[in-house]
1. How large is log10 of I(q)/I(0) for segment B:1-50 at q = 0.26, 0.30, 0.32 Å⁻¹ when the intensity is taken from the Debye formula with one equal scatterer per alpha-carbon?
2. For segment B:21-100: lysine pairs with Cα atoms under 17 Å, gap of 8 or more or different chains, count?
3. Per the Debye formula with a single identical scatterer at each Cα and no solvent contribution, what log10 I(q)/I(0) holds for segment B:64-140 at q = 0.22 Å⁻¹?
4. Please report how far the C-alpha centroid of segment B:69-143 lies from that of segment A:158-177, rounded to the nearest whole angstrom.
5. Report, to the nearest 10°, how far helix B:103-115 tilts away from the longest principal axis of the Cα atoms in chain B, using its own Cα long axis and a range of 0 to 90°.
6. For segment B:93-201, take N as its residue count and report Rg(C-alpha) divided by 2.2 N^0.38 Å.
7. Per DSSP H run of n ≥ 4, the term is -39500 (n - 2.57); total these for chain B, divide by its residue number, and report the mean residue ellipticity at 222 nm rounded to 500 deg cm²/dmol.
8. At A:Val150, with labels set 7 Å past Cα in the Cβ direction, how many nm apart are the copies from this one, shortest first?
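Since every read-out is calculated from the coordinates, none of them should be taken as a lab result. Remember, predicted model here, so these are calculated numbers, not experimental data. Methodologically, a virtual Cβ is constructed for each residue, glycine included, from the backbone with ideal geometry; neighbour enumeration extends over all protein chains shown.
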There are 2 protein chains.
Amino acid sequence: MIRKEKIEKLKVIIEELKTIKVIKRNIKQENKFLQSEAYYFKLNNGKIISREKLIKGDGNGSAAIIMPVVNNEVLTVIEPRVFTNLTVGIGFPAGYIENNENPKDGALRELKEETGYIAQNLIHLDSFYQDEGCSEALNHIFLALNCKKVCEQSLDKDEIIKYMLFNYEELLELEQMGYIKGCNSKLALEKSKTYMKGSIK
Amino acid sequence: MIRKEKIEKLKVIIEELKTIKVIKRNIKQENKFLQSEAYYFKLNNGKIISREKLIKGDGNGSAAIIMPVVNNEVLTVIEPRVFTNLTVGIGFPAGYIENNENPKDGALRELKEETGYIAQNLIHLDSFYQDEGCSEALNHIFLALNCKKVCEQSLDKDEIIKYMLFNYEELLELEQMGYIKGCNSKLALEKSKTYMKGSIK
């Protein structure tokens, strides 16, 4: 069972980060972060098909997802997820990999920026396409071992990220309860299962 | 070990569906399938943040993913995934849920359209957000039991879908080999594991 003080603290954070008002903005298409491009593709069988590709900023949206292990617990992040039912999401540190950055460096950078923690070593668990029909985004899941806090968070203007430690069983409970609901965090939970069940409680 | 005739047939299909040429199209923004909208959100703690939302056609992109069980095998689909390294993807039938359609009906419709199979009953395995930072898309995974072929495929102009039967162990091998690489299919494989290990080989 999830520790009482943990679920209570989580609920306070969720309450704090909930969306209470939405205002639509009119910004010019060329200033948007989410863009798309259209293409024809000729296949080996001679057929021609038409597809659109999602662009995020100046990249393809590939992300690194990090499961940071601190002693025998996992560091989770809680942040506004304004388009979901709860309007707040619980998951693992994650962020877009910059152009010309390798996934491991992106993972370490995002972990430090979002939480102020660094990792002693990273284990690559899996890679997957987030939306293979219309995006090049290839996401990478890393287990980060022996993490420790070395500095404050370093967040962008529009980023609000709280963090908390849970053990692995509590994370599975949080998923069951519907708090962890993003595909990145769900796949990270699955792909780390063998490791987590063996090494930390 | 995956059956030799299965992997050979799969490789022939992959070869056939590979992209050999890409041509960029100039279409007007308003005609695109992938669109975005910008918003401000006021949070309960008083902060205001800015976010963009991905729109797909006239919906939010929520999809149904179906793992169709036929005797003791699972029906997989092979289709062009032009933005991936292989340019072809192997996974499970899936498609966007229409506005005012419930996820189960969407799952049954997509299964029939993409493969010509119908299911005797559907079991809901999980639901997850595909890209919780910038999309409302909530995807639903269903196990479809006692499926049988009743008609031909009914595909859109730009859809090319081949299908093949594999057993569950072969699917895990295909994932290991890097053929199954989309988050929808990977999560379906994980969330059906308990059922699959128990009931079909």
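1. The Cα Debye sum returns log10 ratios of -0.98, -1.07, -1.13.
2. Numbers: B:Lys24/B:Lys32; B:Lys28/B:Lys56; B:Lys32/B:Lys53; B:Lys32/B:Lys56; B:Lys42/B:Lys53.
Taking the Cα cut-off of 17 Å, the pair count is 5.
3. Debye intensities relative to I(0), on a log10 scale: -1.13.
4. The two parts, judged by their Cα centres, are 28 Å apart.
5. Between helix and principal axis, roughly 50 degrees.
6. 1.10
7. Numbers: 5 runs with 52 residues, N = 201.
The helix contribution divided over chain B gives -7500 deg cm²/dmol.
8. Once sorted, the set of distances for A:Val150 reads 6.1 nm.
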